[in-house]
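The values are calculated or read from the model by the stated rules, or taken from the named source; none is laboratory data. Source: prediction; values computed, not measured. We place every Cβ from the backbone using ideal geometry, glycine too, and count neighbours over all the protein chains shown. Areas reflect the complete protein model, heavy atoms only, side chains present, ligands, DNA and RNA absent. Shrake-Rupley method; radii C 1.70, N 1.55, O 1.52, S 1.80 Å.
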Amino acid sequence: MQRITTPELAKAFIDEQLGELKQQIGDKKVLLALSGGVDSSVVAALLIKAIGKNLVCVHVNHGLLRKGEPEQVIEVFRNQMDANLVYVDAVDRFLGKLSGVDDPEKKRKIIGAEFIRVFEEEARKQDGIKFLAQGTIYPDILESDGVKAHHNVGGLPDDLQFELVEPLKLLFKDEVRVVGKQLGLPDNMVYRQPFPGPGLGVRCLGAITRDRLEAVRESDAILREEFAKNGLEGKVWQYFTVVPDFRSVGVKNGKRTFAYPVIIRAVNTKDAMTATVEDIPFTLLQHITQRITAEVENVNRVLYDLTPKPCGTIEWE
Ligand code: XMP
């Protein structure tokens, strides 16, 4: 099969898919969990073109998304593409379930299971759903016992089994991006770095607290802004901040502080199985440190993680 590398090839793929999707779905309804990540966003944009309001997108805000993400999903899909979008504010519910849980695998399981539960509740509120759309891409099928396997926490219950619609299942990530661009999705949605399903939950180490979660979210936003300004967006494979669950002593405006550190991680990899650390210019690190310590509440130190994978994993949990 020819790889989709140009806008013309993307257009041909889209035209072909629109025909097939219309034929497969007819006038029935399709449900999609729309996270705002590349794959689900491209599936949404395709299906909006194919079946309009018969696509029901459900965006679950679990409180662990990056700064501005839920707002962008609403802006792009509801306001610009006129999609049928159900926005679920489940922040308190997720943070309640996670309260006091410090084991990384337990946190992942709670986030995954709660996500399915919220999605199931929304699915039950909808009448006449016949299909479930998914952003499965080719590597998900190839690597079904690879990197993503331990993320699988099960699916919807038996009485909610829908026929699957997986229009991207033969595409690689770079092809999905070309298609997304052709469908008119914004660059920062199409070219975004990988983001784990449990989101900032695995970057707010130990038992999640709201103050540290906000520190992760705000410091991540500053890091992303500075990487974009300095030409590192799209060059570095994955970059983010982590906030551990201990504090250290510092001093600000002549007063003693006792606050959290922020750890910066920026890595390059081909397949996420091994990774090297990005050689960020020292002056940029100093500038980001200055901004984070000045702008983010409850933070008084910034560290740069120099550990490749192995022996560190990319995420800290
Ligand atoms: P690690 O930390 O294992 O991460 O070196 C490898 C890649 O996988 C991502 N990752 C996850 N993605 N759910 C996901 O969807 C998860 O639970 C999860 N844990 C890690 C990580 O961000 C990196 O890109």
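Based on the Kirkwood radius over alpha-carbon pairs, what value in µm²/s does the Stokes-Einstein equation return for the translational diffusion coefficient of region 6-88 at 4 °C and 1.567 mPa s?
Rounded, D is 97 µm²/s.
Regarding region 54-208, what are the three Cα extents along the principal axes, ordered largest first, in Å?
44, 35, 32
Ignoring everything except DSSP H segments at least 4 long, calculate the 222 nm mean residue ellipticity for the chain; use -39,500 (n - 2.57) per segment, divide by total residues, nearest 500.
-12000 deg cm²/dmol
For region 194-317, taking Cα atoms only, what is the radius of gyration to one decimal and the Dmax to the nearest whole Å?
For region 194-317, the Cα-based Rg and Dmax read 14.2, 47 Å.
May I ask which of Lys28/Lys97; Lys53/Lys169; Lys255/Lys309 have a Cα-Cα span longer than 28 Å here?
Over 28 Å apart, Cα to Cα: Lys28/Lys97; Lys255/Lys309.
Tell me whether region 195-255 comes out rounded, prolate or oblate; compute the Cα gyration tensor, take square roots of the eigenvalues as a ≥ b ≥ c, and use a/c under 1.5 as the rounded threshold.
It is oblate, given that a/c is not under 1.5 and a/b is not larger than b/c.
Run the paramagnetic zone check for Asp102: 7 angstrom along Cα to Cβ, then residues of region 216-246 with backbone nitrogen under 18 Å.
Only 243-246 fall inside the zone, counting backbone N under 18 Å.
What shape does the chain have by the C-alpha gyration tensor, where a ≥ b ≥ c are the square roots of the eigenvalues, rounded means a/c under 1.5, and otherwise prolate means a/b greater than b/c and oblate the rest?
Prolate, since a/c reaches 1.5 and a/b exceeds b/c.
Which helices of the chain meet both criteria: a Cα extent of 15 Å or more along the helical axis and a mean Kyte-Doolittle score no lower than 1.6, with helices taken as whole DSSP H segments?
38-51
Over the chain, give the accessible area per residue in Å² for a 1.4 Å probe, as an integer.
Spelled out: the 1.4 Å probe surface of the chain, per residue, equals 49 Å².
Please check which bits of region 22-36 a label hung off Leu160 would reach, taking the label as a point 7 Å along Cα-to-C-beta and the cut-off as backbone N under 20 Å.
29-36
Between Glu225 and Asp279, 0.36 nm times their residue separation minus their Cα-Cα distance comes to what?
The Glu225-Asp279 span can extend by a further 17.7 nm.
Pairs of Cα atoms under 8 Å, at least six residues apart: use those to get the relative contact order of the chain, whole percent.
Value for the chain: 17 percent.
Nearest-5 percent of antiparallel DSSP beta bridges in the chain?
35 percent
Considering only protein heavy atoms and a probe of 1.4 Å, how much of the accessible area of region 145-257 is carbon and sulfur, as a whole percent?
51 percent
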